Structures are given as C-alpha cells and as structure tokens.
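**Q** What follows is a structure written as structure tokens; I'll ask about it next.
The values are calculated or read from the model by the stated rules, or taken from the named source; none is laboratory data. All values reported here derive from a predicted model rather than from experimental measurement. Cβ sites come from the backbone with ideal geometry, for glycine too, and all protein chains shown count toward neighbours. Surface accessibility is based on the protein's heavy atoms, side chains included, excluding ligands, DNA and RNA. Shrake-Rupley method; radii C 1.70, N 1.55, O 1.52, S 1.80 Å.
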Amino acid sequence: MRQVVLDTETTGLSWERGNRVVEIGCIELLERRPTGRRFQRYLNPGRAMEPGAQEVTGLTLEFLADKPRFEHVVEEFLDFIRGAELIIHNADFDIGFLDYELSLAGAHFGRTREHAGVLDTLSLARERFPGQRNSLDALCKRLGVDNAHRKLHGALLDAELLADVYLAMTAGQGDLGLSLERAPQPTAIRSPQAGNGAGLRILRASADEEAAHWRRLERIAAKNKSGVLWPAAAEPVVDLAETG
C-alpha cells in the first residue's frame, strides 16, 4: 500500500478569506516504510502573510518572492500523490486549502480526493485517546517521538513527525500506551530450589494440552517394541505453589 504523509503551511487560517498555501511537504510510505521519496515546495502566495502565520512558520514575503506559484507545480504535486492514501493531521484544513488552490489553477484539476484517498490522523487520535489533547506536539510527547528540533512549523518537518506519529499510533504496541488493557503476565511462583526469595516464572500447560501430550506419547510407545523411558500413564503433576 502506498501512502503519502502530507502537511501544508498557509498565509492564514481560512482559505475562504483568500489565504493561500506557502509550503507543501510530503513523505512517501510504501507498506508502512519510508521510501526516501519526498515532495517539498515553497510557494509564492501572491498576497501578504497574516501576522500569526508568519510568526508560526518564520516565512516572509521576501523569502517567498522568488518561489513558484502553485499553478506552476500543480501537475508535479498531483503526480506525486496520485493513487496514494494521504495521511494528514486535521485533514479538513489542508484539503480545504489544496482544493482552493486546485480551483484557482484550473477547474480541470478537480479536487484532491479525486486523485488520492485521505486518512485524518486527528480523527484517529481522538478515537484512540478520547478527552486528551491530540495536537501533533501532544502526540509526539505521548508516543515518544522526538520533536525537540521543532521550533517553527514547517510542512516537510511536520510531515516527517506525523509519519513517525502515525506509524507509532497504528502499530498496536502496548509499550506505546495504545491499549488500556495489558496482556496477562505469567504468575511468579516460589520454587523450593530458588534461593533468596527469587521467583520462578512458570507457564503451565492446560488440561487439554497435557491430555494431548500423553496421548501422543502412548501412540509412540505402542509403535516402539524396544520399550520407552517414560511411564505409560501420566505422573501426578506437582504444584510448586503448594510445596512452600
């Protein structure tokens, strides 16, 4: 399965108010493994950055002035995501902006979901961790993903972090805190041979497993005319927990 982890940075929070995309960052996964293929472009938005957006991203109009417009990279971008499942945190935000950019580039480009599927990791996180903060930073902390180098928001950097968060969140590993129930642990039983109060972990066979074991031994014994070293019937099983 081919997946593309995607993030965008924008001039503001609302495309309905004419805000534009200023950076796209994508990381390709194949069968849940990074392939090394990436797509990253800074874009000239053709309009001013809102103060909050400039502060969060560190991007300025001076830096973006000589960067391409979205319509100049749209085909390359669509070629990269086509046929993949897009992994996006708070997907409605990014998809809204990308659909707006596609509409400005030309109606024939359609909408993002016509080129790729979409999986929203924010919705996934809310299902896994209800009632908790599920921002990208919060998930990095909860899942042990190192984001100490994230001083500013950047589309490619955030896509890299989101890839690690997504893989950790969907791995089903108990040590990542993804399950409230832990698998039952073997009972520690005191052994008379164990000194200094040490415990011996014993995994006992079930009654059905013991019966199947002895039936197999009896079949082997019946075929072996020279005799066998084990008794014909099971010896009593001693419970070490009852020996003191």
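**Q** Among 154-162, 9-17, what's the highest-first ranking by average C-beta atoms within 10 angstrom per residue?
**A** 154-162, 9-17
**Q** Would you please classify the overall shape of segment 1-141 from the alpha carbon gyration tensor, given that a ≥ b ≥ c denote the square roots of the eigenvalues, rounded means a/c under 1.5, and beyond that prolate means a/b larger than b/c while oblate covers the rest?
**A** oblate
**Q** Let me check something: with ligands and nucleic acids excluded, how do Asp66, Asp94 order by accessible area (1.4 Å probe), largest to smallest?
**A** Descending accessible area places them as Asp66, Asp94.
**Q** Under a point-charge model restricted to the Cβ atoms of Lys and Arg (+1) and Asp and Glu (-1), what is the dipole moment magnitude of segment 28-72 relative to its Cα centre, in debye to the nearest 20?
**A** Approximately 300 debye in magnitude.
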